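The structure under discussion appears below in the form of structure tokens.
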Amino acid sequence: MKLNFIHLCFNLVRKMNLPRSPIIWSRILFYWVVVKLSFFLKTINLRLPPLNTLVFVTLRCNKACSFCHYIDGLNCENSDEYEMNLDTFTRILNSRKICSVGRICFYGGEPLLNSDIFKMIDLAKSRNYITSIFTNGLLLEKYKEKILEGNVDFITISYYQEDIDNIFNIVKELSPHVAINISYMVSEGRLDELPVVFENCNLMGVGMITIENYLENDHHSEIPLCDHSEQFYSMKNELTMKYSGHYLIRWSELASDWKKNRKISCTHFWDTRVINAKGELLPCCHYPLSEFDDGDGFLNTDKMRFLRKSFKDGRPNRLCENCHFLQNSELWFKF
Ligand SMILES: C[S@@+](CC[C@H](N)C(=O)[O-])C[C@H]1O[C@@H](n2cnc3c(N)ncnc32)[C@H](O)[C@@H]1O
Ligand code: SF4
């Protein structure tokens, strides 16, 4: 089983165009150790930016999923202000706001709608970043040639049942050349779709699948899967047995009652930067877009300090209360 896991990891990594320089990898290692230490010690102020950067390149989207975290902010009147372009991205890369090595994930909205997206990816690659995009997949066919040039190391494609016929062939075509992770958002109402999702991933030949849980928003009636769902656990065992030899499988935590005294943890405030075209910083990618913080404080804005402190002290805070990642995990604090 372990050998097979290593083989699948190797298969995924060999499709990436990773930096080759030992100097870059030494720097990545150094930053990684600093990030881990800061998280372990729960430092309120960071001295160095984290390795992982999420760049919001657009507030536009070619879909309007009612469950979407960002549905209130997408395609809004002032979405132009949030459209990243090459100049702004270059300025951000040259600033101290993000780490000079590590991973950059291009995020949105739908990042492939941004007309500078591949210029930004090429620039990031030329500076030895590991690059990734998070997409609904609808524009993959259009950008097939660009993707095959090899500057996108990793693509996460969200699996939406209504679009599977549109993306199936292109994902299958890209899969032998590009590291592809399919992200499927499960909820109580979507559990029955899981076997079809897994089989389609197998047929498309992807390298990885991630099962995320639905995070509640005010516009949607779905219910997150809870950790007492026996049906889920039996399905999880069955699917893991059947497909773990074909691709990597990552299951996210299930929701449990926020009010229970659970151990919680989140590394985002220590290990990830989320930044938009205005240079504003967010605590994490699940944050409502309306709550962008101002970036003047560099790594240590008041909101980030508040969030880190609330975790250090084990105090609940309003800003995180809908997040299932915080619940049911093994780490450091109890509320
Ligand atoms: C916000 S989208 C941005 C990238 C792209 N438009 C897409 O759909 O993949 C990133 C991921 O967040 C997921 N997502 C959006 N709203 C969610 C929610 N309320 N709960 C869980 N995941 C959510 C989407 O399904 C998608 O996989
Ligand atoms: S989940 Fe992705 S595709 Fe759906 S509306 Fe949100 S940003 Fe667009």
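The values are calculated or read from the model by the stated rules, or taken from the named source; none is laboratory data. Not measured: the values here are computed from a predicted model. Note that we place each Cβ from the backbone using ideal geometry, even for glycine, and neighbour counts take in every protein chain shown.
For Cys76, are the conditions met, namely being within 16 Å of ligand 2 (Cβ to nearest atom) and within 19 Å of Ile28 (Cα to Cα)? So Cys76 fails the test. Right, Leu148: away from ligand 2 (no atom under 16 Å from the Cβ), modelled with pLDDT of 95 or more and over 22 Å from Gln161 (Cα atoms) or not? Yes: the conditions hold for Leu148.
Specify which of the listed residues (Leu12, Leu48, Leu74, Leu18) is touching a Gly at 6+ places or on another chain (Cβ under 7 Å) and either part of a loop (DSSP other than H, G, I, E, B) or of a type outside the set (A, V, I, L, M) (or both). Before you say what the answer is, go through the steps one by one.
On the way: Leu12 fails: either part of a loop (DSSP other than H, G, I, E, B) or of a type outside the set (A, V, I, L, M) (or both); Leu48 fails: touching a Gly at 6+ places or on another chain (Cβ under 7 Å); Leu18 fails: touching a Gly at 6+ places or on another chain (Cβ under 7 Å).
Checking each option against the conditions leaves just Leu74.
Looking across Thr58, Thr43, one residue alone is modelled with pLDDT of 90 or more, within 16 Å of ligand 2 (Cβ to nearest atom), touching a helix residue (DSSP H, G or I) at 6+ places or on another chain (Cβ under 9 Å) and assigned to a loop (DSSP other than H, G, I, E, B). It is Thr58. Looking only at residues in region 78-111 that are within 16 Å of ligand 1 (Cβ to nearest atom) and part of a helix (DSSP H, G or I), the one that is modelled with the lowest pLDDT is Ser79. Among the conditions (1) assigned to a loop (DSSP other than H, G, I, E, B); (2) touching a residue at least 12 places away in the same chain (Cβ under 8 Å); (3) within 16 Å of ligand 1 (Cβ to nearest atom); (4) on the phi < 0 side of the Ramachandran plot, Ala64 misses just one, which is (2).
Just one of the numbered conditions (1) more than 16 Å from ligand 2 (Cβ to nearest atom); (2) in contact (Cβ under 8 Å) with a residue 40 or more places away in the chain; (3) assigned to a loop (DSSP other than H, G, I, E, B) is not true of Ser115: (2).
If you go through region 131-138 one residue at a time, do you hit one that is among the small types (Gly, Ala, Ser) and exposed (fewer than 15 other Cβ atoms within 10 Å of the Cβ)? No, every residue in region 131-138 fails to be among the small types (Gly, Ala, Ser) and exposed (fewer than 15 other Cβ atoms within 10 Å of the Cβ).
Okay, residues lined up against (1) within 16 Å of ligand 1 (Cβ to nearest atom); (2) under 23 Å from Thr240 (Cβ atoms); (3) among the aromatic types (Phe, Trp, Tyr):
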residue: Leu138; (1), (2), (3): yes, no, no
residue: Tyr143; (1), (2), (3): yes, no, yes
residue: Gly150; (1), (2), (3): no, no, no
residue: Asp163; (1), (2), (3): yes, no, no
residue: Asn169; (1), (2), (3): no, no, no
residue: Ser175; (1), (2), (3): no, yes, no
residue: Leu191; (1), (2), (3): yes, yes, no
